[in-house]
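Worksheet for the structure shown next.
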Amino acid sequence: MNPKPITVLLAEDHQIVREGFRALLRHESDIQVVGEAETGRQAVQLTRKLRPAVVVMDIAMPLLNGLEATRQIRKEMPATRVLVLSAHSDDAYVEQVMALGAAGFLLKQTSSHVLAKAIREVQKGNTFFTPGISRRLQNGHATPLEQTRPSRKKGNLLSSREREVLQLIAEGLPNKQVAAELGVSFKTVDKHRQHLMTKLNIHDIAGLTRYAIAEGIIESTVRIKIT
């Protein structure tokens, strides 16, 4: 009797990349892709519904970034392991990802063999890093997060919902659309925005957007519009 396959959810906003990952994993008899998400919010919702063993999560996701999605998944569904993908491999990013409870960190150019191996390892309860990152960690080259990103102390003051609101505002959504996306009232969103500005001592949308980019909440390549 064959063992049950490792169920995997692919969370990546580019369809062609998701299709590529699915095609790579199709050849692995012990791994089954059970769902795909194109936003971080959808990744959280599908994880609740499907309860996959592993979520392969891109960091740069619209509406809800992969870091916040990882935070929510690990809090609500701790049995699901999260394997983070990124185009960036700086030590600050790696340390932040691991602090959120992710089980591994891979670069997007990872080969199919390494991706499959990483999924198997994290499903067993182990951690897994892209080989280059693993060597840096073993050699003690990783720099503590607080030394490389001091501004994160401000970011840590924000609640999970405030980080969600900040991302949506920084992506250019007006309050009405933010409210619809989060399922809350216009007044609630406006209150969150005022709290954000007070906590961060930033009093315009352009400043919030720059802060969100600096904190890795959105990437500078994300299509944003400031009105």
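The values are calculated or read from the model by the stated rules, or taken from the named source; none is laboratory data. Here the structure is a predicted model, which means the values were calculated and not measured. Cβ placement follows ideal geometry from the backbone for every residue including glycine, while neighbour counts extend to all protein chains displayed. Each accessible area value is taken on the protein alone, full model and side chains, heavy atoms only, with ligands, DNA and RNA left out. Shrake-Rupley method; radii C 1.70, N 1.55, O 1.52, S 1.80 Å.
Within segment 208-219, the residues that satisfy the criterion of being outside any loop (DSSP other than H, G, I, E, B) and in contact with a helix residue (DSSP H, G or I) (Cβ under 8 Å, 6 or more places away or on another chain) are Leu208, Thr209, Tyr211, Ala212, Ile213. Of the helices (runs of 4 or more DSSP H) that lie entirely inside segment 1-90, those containing 2 or more residues that are within 24 Å of Leu158 (Cα to Cα) and either touching a helix residue (DSSP H, G or I) at 6+ places or on another chain (Cβ under 9 Å) or open to solvent by 10 Å² or more (accessible area, probe 1.4 Å) (or both) span 40-50, 66-76. Taking the criterion of being at pLDDT 90 or above and over 19 Å from Gly66 (Cα atoms), the residues of segment 124-140 that qualify are Lys124, Gly125, Asn126.
Contact map, segment 95-116: first residue closer than 16 Å to Val8 by Cβ and among the aliphatic types (A, V, I, L, M), second residue open to solvent by 30 Å² or more (accessible area, probe 1.4 Å) and not in a helix (DSSP H, G or I), Cβ cut-off under 6 Å, separation 6 or more or different chains; pairs are Ala103/Arg81; Ala103/Thr127; Ala116/Glu28.
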